[in-house]
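Heads up: the structure comes next, in structure tokens.
Derivation of every value follows stated rules applied to the coordinates shown; laboratory data play no part. Only a predicted model underlies this, so the values are computations on that prediction, with no experimental measurement involved. Here the Cβ positions follow ideal geometry from the backbone for every residue, glycine too, while neighbour counts run over all protein chains shown.
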2 protein chains.
Amino acid sequence: MSVSSSDSSSPERSAAAIIVAGGSGKRIAGAMGGVRKQYLEVGGVPVLLRAIRPFLEHPDIHQVVVVLPGDDVENPPAWLTETRVALVAGGAERGDSVWNGLSVLGDRANLVLVHDGARPFVSTALIDRVLHAAGDGGAVPAMPATDTVKESTGDGLVVRTLDRSRLWNAQTPQGFDRRLLVSAYQRARREAWSFTDDASVVERAGFPVRLVTGAPENLKITRPEDLEIAELIARRSNTSA
Amino acid sequence: MSVSSSDSSSPERSAAAIIVAGGSGKRIAGAMGGVRKQYLEVGGVPVLLRAIRPFLEHPDIHQVVVVLPGDDVENPPAWLTETRVALVAGGAERGDSVWNGLSVLGDRANLVLVHDGARPFVSTALIDRVLHAAGDGGAVPAMPATDTVKESTGDGLVVRTLDRSRLWNAQTPQGFDRRLLVSAYQRARREAWSFTDDASVVERAGFPVRLVTGAPENLKITRPEDLEIAELIARRSNTSA
């Protein structure tokens, strides 16, 4: 974090970031010698460290919380202890991990960003767009859907083809009014909602969520082949350690 | 095409394939020195040639039609004239190109496969799955959606988050009963339907469309970075010319 103020900083905007890396990444760990995906390196830098840095360096973000698998919180990797982040143990589901992160945030932040620890190529410009649009609800970076999307109910038959022009693939970081996100999550936990991203919790609680332009290189590393693509992006963007 | 019969061949199954490469690929051509994307090479082999070969070599497919931009039909690339394919000029929209391809098919085929010329990594196994499931309607290879998908109507606000467990990203080749596809297309053209894939025409005409398991490497080359990913796949699969 820069202590000096900057043009993109504003007195009323104070944000915290939660980086979610609480999963075991089973799909990829098996193929990569058991190393958890967030600790795998891309261009010589751990994926998780790449995912954290832009938040640590952003002038409007004063607190960065990293959610790790429980057993890793006591024994974190050295490159993580060298950074100014708070470590929190994750939960059974992604939503539990986010909730644990929210629970340790101070009152200072009026905005909170939630980011996947497996997305190593988030830019300062993208963080700015999300912070700017989060306002009185939430903001989600997204890319227009490029594939034709079919809906099916499980019997293998297509029910319908969705109107692609209305579809967006959501990315992270997603940004929210902090108190609003906490209150939406409280309701989600009480009523046992099932969800795949944080914005859908806020949507279901009835608050407005805006789309902002995502970034094509902001991929989530899930499968072994994604690591190869990430190496390409790292080489192209010339992002070094 | 193999003249000899094989285990996967059956007397009642006779298929034709339409490979659609009628577009100019503007998004990628500008970045690649003006060469149309279907003529760009991956691992030393033109993308379109890679897309065509598995159909030419399949024992159940007796006719392969390639739809090219109008001016290329008269002057096709040499590697294309060396193959046993029929060349047809494309139309204004993708649907017009498919229609032009359908118009030159003989009566022998009871099934027809429609494949994107920009998908260079289709396997024989995938073609088999599609032919097997096309039956009395259509079959679409698809992958389960991995991104969270948001629906928005154009004002930038999220209307809703779709239930990801019901969503599938469609690929090609898509397979159909030939006469049924022709009749569905006739109606689509008469009533000026708008659509992004062939299966949606058949769905809207009221016929059953089945999902079959797609393949992760069966990507469509659209953006310049997709070519780099394609090079990775070509190297990994060791598919040579």
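What to note about this one:
- Averaging the sequence gap over all C-alpha pairs within less than 8 Å and six or more residues apart, then dividing by the number of residues, gives region B:172-241 a relative contact order of 19 percent.
- Average other protein chain Cβ within 10 Å of Cβ, residues B:165-176: 4
- Region A:178-225: Cα Rg divided by the 2.2 N^0.38 Å rule of thumb: 1.44
- Relative contact order [Cα under 8 Å, 6+ residues apart], chain B, whole percent: 23 percent
- With viscosity 1.567 mPa s and temperature 4 °C, the Kirkwood radius over alpha carbon pairs of chain B converts through Stokes-Einstein to a diffusion coefficient of 70 µm²/s.
- Farthest positive-ward along the protein assembly as shown dipole, Cα basis, beta-carbon charges - from B:Val47, A:Gln171, B:Val64: A:Gln171
- Order of A:Ser152, A:Ser194 under a 10 Å beta carbon neighbour criterion, fewest first: A:Ser194, A:Ser152
- P(r) of the protein assembly as shown over all Cα-Cα pairs, binned every 20 Å from zero, in whole percent: 22, 49, 26, 3
- Put a plus charge on the Cβ of each Lys and Arg, a minus charge on the Cβ of each Asp and Glu, and nothing anywhere else: the dipole of region B:103-227 about its Cα centre is then about 280 debye.
- Per residue of peptide B:202-210, the mean number of Cβ atoms on other chains within 10 Å of the residue Cβ is 3.
- Projected label points at A:Val45 and B:Glu93, each 7 Å from Cα along the beta carbon direction, are separated by 4.5 nanometres.
- Student exercise, chain A dipole from Lys, Arg, Asp, Glu Cβ charges, in Debye to nearest 20: 260 debye
- Descending semi-axes in Å of region A:154-241, equivalent ellipsoid built from Cα gyration tensor: 29, 22, 14
- Alpha-carbon centroids, region A:166-192 and region A:199-241: separation in whole Å: 17 Å
- Sorted from closest to farthest, the other copies place their A:Glu228 label points 1.5 nm away, with each point set 7 Å from Cα along Cα→Cβ.
- The same position B:Thr81 in the other copies lies at 7.1 nm from this copy, comparing label points 7 Å beyond Cα toward the beta-carbon, shortest first.
- In chain A, helical runs assigned H by DSSP with n ≥ 4 each contribute -39500 (n - 2.57); averaged across all residues and rounded to the nearest 500, the mean residue ellipticity at 222 nm is -9000 deg cm²/dmol.
- With Cα atoms defining each centre, region A:91-128 and region B:35-89 are spaced 48 Å apart in the structure.
- The fewest-to-most ranking of A:His58, B:His115 by surrounding Cβ atoms within 10 Å reads A:His58, B:His115.
- Using alpha carbons only: equivalent-ellipsoid semi-axes of region A:37-137, gyration tensor based, whole Å: 21, 18, 12
- Copy B relates to copy A by a rotation, and the B residue whose beta-carbon is nearest that axis, with the distance in whole angstrom, is B:Ile229, 3.
- 7 Å along Cα→Cβ, label-point gaps from B:Arg190 to other copies, nm, shortest first: 5.7
- Fewest-first ranking of B:Phe55, B:Phe176, B:Phe207, B:Phe121, using other Cβ atoms within 10 Å as the exposure measure: B:Phe207, B:Phe121, B:Phe55, B:Phe176
- Extreme residue, positive dipole direction of chain A, given options A:Val112, A:Leu232, A:Leu157 (C-beta unit charges): A:Leu157
- Above-threshold pairs, the threshold being 22 Å between Cα atoms, out of A:Lys37/A:Lys150; A:Lys37/B:Lys37; A:Lys37/B:Lys150; A:Lys37/A:Lys220; A:Lys150/B:Lys220; A:Lys220/B:Lys37: A:Lys37/A:Lys150; A:Lys37/B:Lys37; A:Lys37/B:Lys150; A:Lys220/B:Lys37
- Charge dipole (Cα centre; +1 on Lys/Arg Cβ, -1 on Asp/Glu Cβ; no other charges) of the protein assembly as shown amounts to roughly 380 debye.
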